[in-house]
Amino acid sequence: MMKMSEFKYDLPDEKIAKYPPIERGNAKLLVLERKDGSISHRKYPHILEYLKQGDVLVLNETKVEKRRTYFLTEKKKRLEILFLNRIGDGRWYVLIKGAKYVKPDDILVSEEDENIKIEVDQRSNDGFLVKPLANSEEIFEKIGHTPIPPYMKRGDTEEDYLRYNTVFARLEGSVASPTASLNMTQDLLQAMERRGIKVVKVELKVGWGTFAPVREENIEEHKIHTEEITVSKEVAESINSAKKEGNHIWAVGTTVARTLESCTNEDGNVYEYSGNTSLYIYPGYRWKVVDHLITNFHMPDSSLILLVSSFAGNDFIKNAYDEALKNDYKFLSYGDSMLII
C-alpha cells in the first residue's frame, strides 16, 4: 500500500513563483533521464535539442477564462465566486468563498456592476448551483478576474490574463492553466516544425480539482477529479502513425498526459474521443503512449506529483525536486520546467 507521505517534500514559500518571468520562454529546465536518474540543468528553449524529426509534440489548447468574480449579499457581505461548470439548463456549478452567508433563493449583486446579478438555486457537493440573471459570457467579460492559483496569495492583474494563458490558447472553458506550456513560445514551436517535428493539439478543460490536495494517506483511496477532454481523429492518426514509424510522443504537461492516456487502448493506439475522463495516474500505472513528459514542479500533496512519480519513478522525482530546490528553481504555475526523457 503506497502512502502519500512518501511523496511529500518541504516547499518554502520563497520557491513558489508568484509572478510570471519577465520574458516568456526563458525559464530554467531540469532534464531528468529515466534510464539512470541523471540530471542536467538547461534552459527551456533547449527542449528543441531532445526532439527528433518525426516526433510528435502534443499541446493542450484550452484557454483560461476570467471566471473568478466578486458578489455582495443583501447584507453587503463580500463573496468570492468561482464559476466552474455550466450545467445544461443554464445554471452553473460554483464555489463560493463566504458560503456561510449564502442560502437558496438569495439574489447576489456584483460588487463591480450592480446590473449583474445571480440567483442561488441550491447547494451541491462542495459548492452551489446558481442561475445567472445575465449572459454568463457578459459576466466574465465585465466583472471577471483571472483565477490565478490561491498559493500566489495576491489579486490578479491584467497581465495575468495574458501570461496565465499559453501563446496558443484557443478553446475557452478552463479555470486553471496547462502550466507546462506557459513557457512555450511561438518561436520555439516554429523552430520545431522547421525541424520536422509535428505539433498537434488536444483539449482538456482544466478544472479546480487540479489544485485539490490528496488528503488520504493511502493514495489509492483518493477520489480523482473529472475533466472534459477531446482528441480529434486527425490527432489520433498522427500519433499512431508516428508510433508505428518508431518516433516518440512528447506530452507537454500533465493535462496532455492524462488526455492521451485516457484515449489509448491496451495496444497503445490512440482513438478519437470527446467526453469526460476520471483517469487517476499514480505509481504502478502502466503508461501506454506517452514517451517523454515536459512538466512543471508540483505541489507536494497533489495528484500531479503522483502522476510524474508514476512516469519517472518516485526516487528519481524526489532527487530531481531536491536538486531543483538547491539550484533555486521556481516552483508551480509560473515557475521553471522539467523535461523527463
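Coordinate-derived values only; no laboratory data. Keep in mind that this is a model prediction, so the values were computed, not measured. Here the Cβ positions follow ideal geometry from the backbone for every residue, glycine too, while neighbour counts run over all protein chains shown.
Annotation: extensible slack from S241 through K43 equals 68.2 nm (criterion: 0.36 nm per residue apart, minus Cα-Cα distance). Once the mean of 1/r is taken over each pair of separate Cα atoms and inverted, the range 214-304 shows a Kirkwood hydrodynamic radius of 14.1 Å.
Multiplying the residue separation of K223 and Y101 by 0.36 nm and removing their Cα-Cα distance gives an extension gain of 41.1 nm.
Cross-link check: pairs K76/K97; K8/K288; K43/K318 evaluated at a Cα-Cα cut-off of 18 Å; pairs beyond the cut-off: K8/K288; K43/K318.
Largest mean-square fluctuation among A320, A251, A180, in a Gaussian network model of the chain whose springs join Cα atoms under 10 Å apart, belongs to A320. Relative to the longest principal axis of the Cα atoms of the chain, the long axis of helix 233-244 makes an angle of roughly 20 degrees.
When the Cα positions of N135, L84, N125 are compared along the charge dipole of the range 68-143, N125 comes out farthest toward the positive end, with charges on each C-beta of Lys, Arg, Asp and Glu. Averaged over residues, the count of other Cβ atoms within 10 Å places the peptides 224-232, 202-210, 252-260 in the sequence 252-260, 202-210, 224-232, highest first. With the dipole of the chain worked out from charges on the C-beta (+1 for Lys and Arg, -1 for Asp and Glu) around the Cα centre, which of L29, H248, H222 lies farthest toward the positive end? My answer, from the dipole projection, is L29. Modelled label positions at N276 and E119, each set 7 Å beyond Cα in the direction of Cβ, lie 2.6 nm from each other.
Provide, for q = 0.10, 0.13 Å⁻¹, the log10 of I(q)/I(0) from a solvent-free Debye sum over equal Cα point scatterers in the chain. With one equal scatterer per Cα and no solvent, log10 I(q)/I(0) is -0.61, -1.02. What are the aspartates and glutamates whose alpha-carbon lies under 17 Å from the alpha-carbon of K15, with same-chain residues fewer than 8 places away excluded? Those aspartates and glutamates meeting the cut-off are D301, D322, E323, D328, D336. Separation of the alpha carbons by more than 23 angstrom is noted, of K205/K326; K28/K52; K3/K153; K3/K100, for K205/K326; K3/K153; K3/K100.
Each peptide in 298-310, 35-47 was scored by the mean count of other Cβ atoms within 10 Å over its residues; highest first, the order is 298-310, 35-47.
Calculated mean residue ellipticity, 222 nm, the chain: -5500 deg cm²/dmol, from DSSP H runs (n ≥ 4) at -39500 (n - 2.57) each, averaged per residue and rounded to 500. Which values of log₁₀ I(q)/I(0), to two decimal places, follow from the Debye formula for the range 267-315 at q = 0.21, 0.26 Å⁻¹ with a uniform point scatterer at every Cα? The Cα Debye sum returns log10 ratios of -0.88, -1.16.
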